[in-house]
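This report concerns only the one structure given below.
The values are calculated or read from the model by the stated rules, or taken from the named source; none is laboratory data. In this text, all values refer to a predicted model and were calculated from it rather than measured experimentally. Please note: Cβ atoms are built from the backbone with ideal geometry, for glycine as well, and neighbour counts cover all protein chains shown.
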Amino acid sequence: MSSAQGADDKAMIDHTVDLVDDFNAKLLEGGAYSDLTLHVGGEALKLHRVILASRCEYFRALLFGSLRESNESEVTLHETDLTTFKILLKYIYTGKIHVSELKFDVLVGLLGLINQYGFPRLEQDLVLHMKNALNVKNVCSVFEASFSYGLPDLTDACLKYMDRHAKTLLHSREILRLTAAALREVLVRDSLCASEIDVFDVVREWVLHNNDRDAVPLLSGAVRWSLLSHEDLVNRVRSSNLLPSDDILDILATKMREGNALSHLHRGLFEPEVNVATPEMNATVVRGEMSGSLLDGDATNYGQDHGYTRHVIPDKHDADKSACIQVKLGSPCIINHIRMLLWDRDLRSYSYYVELSNDEVHWTKVVDYSHFACRSWQEIYFAQCTVQHIRVVGTRNTANRSFHLVKLEAKFSKNVPEFKSGDKYLGFVVPKENVASLAKFASVVEGVSRSRHALINGSLDYDWDNGYCCHQIGSGAIVVQLNQPYFLSSLRLLLWDVDDRTYTYVIHTSANNRDWRLIVDTRDSQRQSWQTHQFNQQVVSFIKLTGTSNSANEVFHVVHLEAPCQVPLVSGAGSALPVEREADVVPPNDLAAPDVLIDVEFHDDEPPHLAMAIGPNPGAVIVAGLNNNRVIHQGPAMDVDEDRNRQQQRRIRPRLGPPSRAH
C-alpha cells in the first residue's frame, strides 16, 4: 500500500502500514533474524534485542546494560502471564492494541505489565479507556490494580464510581475480593453513599469470606460506629464479635451524650461544584406554596404571580409557627454552599435563616439573617457537612407577610470565602471582592443618576453629564444596599473630578436601614478624586454617603463605590472613625423598608432633573427640575400578593446640579 500527497516538493510517500505489517508478520510472528529467545510461561519467543531495547527502557537496561542477561542469548521472565505478554509484544512491534477486543481481566493484567516495564503513553491511554468502561462487576479489580500500582488518576476514578454506586457495590461479591488495605480505602471515605449498617455488614462479610481475623482492627476503624442505631449495636454488632462488649458500651454512652445532630461523621454524595438541588439529582420541594419552579434552574422567568415558591410569615397571633420552604435532596450530600434568589422585582428586603438536617428531627442552623435586610441573590457558606434536608424560614418581608424564594441551589464549592461561625453572626461572610457592585447584586436605593446604578456598575467612564450618582447637599443622601450583610472594614470611592472642585462628606453604615453608625467624617478636610477609608470590622448591609459641601455648587457627586477596598491598603488610610462595638440588632419587625428611587427620563431640550427618596415613607420623593409644582406618581410594581396601587407625591424644585461647564 502506498500513497503520495501533493505534487510539489512537500509530496510524501507513506508506507508505514506496510512497515507495521512486515514487523508483525515477519519479525514478531515469523521470528526472522531473531537474536534473542525469551522464555515466558513455558514458551520460547524468538525476538530482537534492538527492537525491544529501542521501545522499552526496561529491556534496554536488561539487554544492553551491565546485567548478566546482556551477554546471554536466552532470558527467562518469571511470574509473567504469557497471554498478556504477547499482547504487550504486539504493541512493541506494531504500536497497536485492540483494547475493545480484550476481556477486562486481561486489561487489568496488561495494566500491570505496562506499569512494570514502563510504557507511560500506553499506560495513559489504557487508563482513559478503563475509566470509561467501569461498572459494578469490574471496578473492584481495576481499583485493586490501580491501588497496588500507584496510579492516582485511575484510583480516584474508581473511588468516585464506587461512591456513586455504593448501595449496589456493597452487596456484591466482587468487593469481598479486595485486599484489607484496599477495602479500608473504600470504606473510610466521607463520600461513600451508603448507610453505616451496610458498611458494617461488608466488614463482617469480608472477615468471614477471607477467614482473616487479623484484619479486624484495620477494617473496624472504617466503620463509624456512633452512626449505627442502638438496636444494631446491641443485636448485630455484639453478635459479630468484631468489637469487645466494653467498646460497644462506650459507643452507646457517646450516642447518649452527643445525640445524632448534624456532624462531620455522616457520609454523603460528593460532587464538587455540582448543584445537587435539581430534579435531575432527584431533589424535591416538600414544603412551600407554588413549588414547581424553585429547582428548575430558570432564574430569569419570574414575575408578580409566577416563578417563585413562598410561605406565609407567621406573626404572634398565628398558632402555626412552622411555616417554611423545605427541599429534600435525592440522597445525603456533602455541601458547604447554598445560593438562593429572593424575589427582587422591586426594592423590598427579606430576612430569613437556613437550617440543615439529615433526618428532619435534628436541625442545625448554618446562617441567621433574621434581623438583617437581604435582597436578590444570597451566597451562604458554612463548614462542609452532609445533609439531605434544607429548610429556609423567612422572618420578614418589608412589603407584606409572605416570603418569596425564586431559586435555590446547593453544592460543594472549592473556593470558599472567610465567614463567621459564632452564634451571633453565624454564616456572615468576610468578603475580599467588591460586594458593593451590580455583579454582587447590590442596589442603589437612594440617589440620582442618569443610569440608576452608575455608582456600582464598575464603569469609570464619566464626564460632565454621565457616569455618577448625586444628591442635593442638605437633603437626602446616596444609599447603597448590599445583597446581604457582610463583615466589612474598608471602602473606597471616587469623587467626581473632571474639574478641580473639592468635597466634604460623611459615611454611615447600617445593618437594617434604621440604626446608622458614623464611620467616616471628612467635614474638616477638603477631598478630591479617589478616597480610601478603613474602619473597625462591622456588619454592613447599607452604606450611606452624605455630602456636606461642594466648592462648586450644592450637589454631592460620586462616580464609583467599592467595599471592601480593592487596592492594597495603607495603614491609617482615610478619615475613619473607630467603632468600639457592633450596633445593637433590632427585632425583625423594626426593619425599615428601603426608600424608593425614581428613574427620571432626560430630554435634550431641558437640563437633567434631580430625584431622591426621602423620609421613612417610601412614597415620599423629591424631584428637582425647572418648575415648582406637584404631580401624582404611580407607585412601584404591585406586590406579588396584593393587587393594589400606591399613590406617591412628587414636589418639583429648581435644579441644583449636576455640574456643567457653564458654572
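Couple of notes before you dig in:
- Check on Asn513, part of a loop (DSSP other than H, G, I, E, B), surrounded by fewer than 22 Cβ atoms within 10 Å (Cβ to Cβ) and not hydrophobic (A, V, I, L, M, F, W, C): no
For every residue, the table says whether it meets (1) touching a residue at least 12 places away in the same chain (Cβ under 8 Å); (2) among the β-branched types (Val, Ile, Thr).
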position: Leu269; (1), (2): yes, no
position: Thr284; (1), (2): yes, yes
position: Ser293; (1), (2): yes, no
position: Asp296; (1), (2): yes, no
position: Thr300; (1), (2): no, yes
position: His306; (1), (2): yes, no
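- For the range 540-571, filtered to residues that are hydrophobic (A, V, I, L, M, F, W, C) and outside any strand (DSSP E or B), the residue that is farthest from the chain's Cα centre (by Cα) is Ala552.
- Among (1) of a type outside the set (A, V, I, L, M, F, W, C); (2) free of Cβ contacts under 8 Å to residues at least 24 places away in the same chain; (3) part of a strand (DSSP E or B) - the single one Asp524 does not satisfy: (3)
- Leu491 out of contact with any Lys or Arg (no Cβ under 9 Å at 6 or more places or on another chain) and either farther than 12 Å from Ile478 by Cα or assigned to a strand (DSSP E or B) (or both): yes
- Within the range 129-172, the set of residues being within 18 Å of Lys103 (Cβ to Cβ) and without any contact (Cβ under 8 Å) to a residue 24 or more places away in the chain comprises Asn132, Asn135.
- Considering the range 440-461, the residues that are among the charged types (D, E, K, R) and in contact (Cβ under 8 Å) with a residue 24 or more places away in the chain include one that is nearest to Val429 (Cα to Cα), namely Lys440.
- Each residue in the range 403-428 was checked for being of a type outside the set (Lys, Arg) and either more than 30 Å from Lys321 (Cα to Cα) or at pLDDT below 95 (or both), and 14 of them qualify.
- Remark: pairs (first residue in the range 6-32, not assigned by TED's automatic domain parsing to the domain that holds Leu47 and surrounded by 10 or more Cβ atoms within 10 Å (Cβ to Cβ); second residue acidic (Asp, Glu) and modelled with pLDDT of 80 or more; Cβ separation under 6 Å; 6+ apart in sequence or on different chains) are absent.
- Residues of the range 173-208 that turn out to be part of a helix (DSSP H, G or I), in contact (Cβ under 8 Å) with a residue 12 or more places away in the chain and either among the aliphatic types (A, V, I, L, M) or within 25 Å of Gln124 (Cα to Cα) (or both), as a count: 14
- Residues being of a type outside the set (S, T, N, Q) and outside any helix (DSSP H, G or I) - total across the range 54-108: 16
- In the set (1) under 28 Å from Gly268 (Cα atoms); (2) in the same structural domain as Asn24 (by TED's automatic domain parsing), Leu89 fails one condition alone, (1).
- The single condition from (1) farther than 27 Å from Arg121 by Cβ; (2) touching a helix residue (DSSP H, G or I) at 6+ places or on another chain (Cβ under 8 Å) that Ala53 fails is (1).
- Hits in the range 34-59 (condition: over 56 Å from the mean Cα position of the chain (by Cα) and either of a type in the set (D, E, K, R) or modelled with pLDDT under 85 (or both)): Asp35, Glu43, Lys46
- Of the residues in the range 239-262, not one is polar (S, T, N, Q), touching a residue at least 40 places away in the same chain (Cβ under 8 Å) and touching a strand residue (DSSP E or B) at 6+ places or on another chain (Cβ under 8 Å).
- Here Glu289 meets each of (1) surrounded by fewer than 18 Cβ atoms within 10 Å (Cβ to Cβ); (2) farther than 18 Å from Asn400 by Cα; (3) not polar (S, T, N, Q) with one exception, condition (2).
- Any hit, the range 292-302, residues being part of a helix (DSSP H, G or I) and assigned by TED's automatic domain parsing to the domain that holds Lys365: yes
- Qualifying positions in the range 320-344 - in contact (Cβ under 8 Å) with a residue 24 or more places away in the chain and in a loop (DSSP other than H, G, I, E, B): Ala323, Cys324, Trp343, Asp344
- Matching option when the condition is surrounded by fewer than 19 Cβ atoms within 10 Å (Cβ to Cβ), assigned to a strand (DSSP E or B) and within 29 Å of the chain's Cα centre (by Cα), among Gln537, Gln484: Gln537
- Residues within the range 398-457 that are in contact with a strand residue (DSSP E or B) (Cβ under 7 Å, 6 or more places away or on another chain), more than 23 Å from Pro272 (Cβ to Cβ) and of a type in the set (A, V, I, L, M, F, W, C), tallied: 15
- Strands (runs of 3 or more DSSP E) contained entirely in the range 345-416, each with at least 2 residues that are under 21 Å from Val444 (Cα atoms): 350-357, 363-374, 377-397
- Test: residue in the range 358-370 that is out of contact with any Gly (no Cβ under 6 Å at 6 or more places or on another chain) and closer than 20 Å to Asp298 by Cα: no
- A count restricted to the range 268-295 and to residues that are of a type in the set (Gly, Ala, Ser), closer than 21 Å to Lys414 by Cβ and touching a Ser or Thr at 6+ places or on another chain (Cβ under 7 Å) stands at 1.
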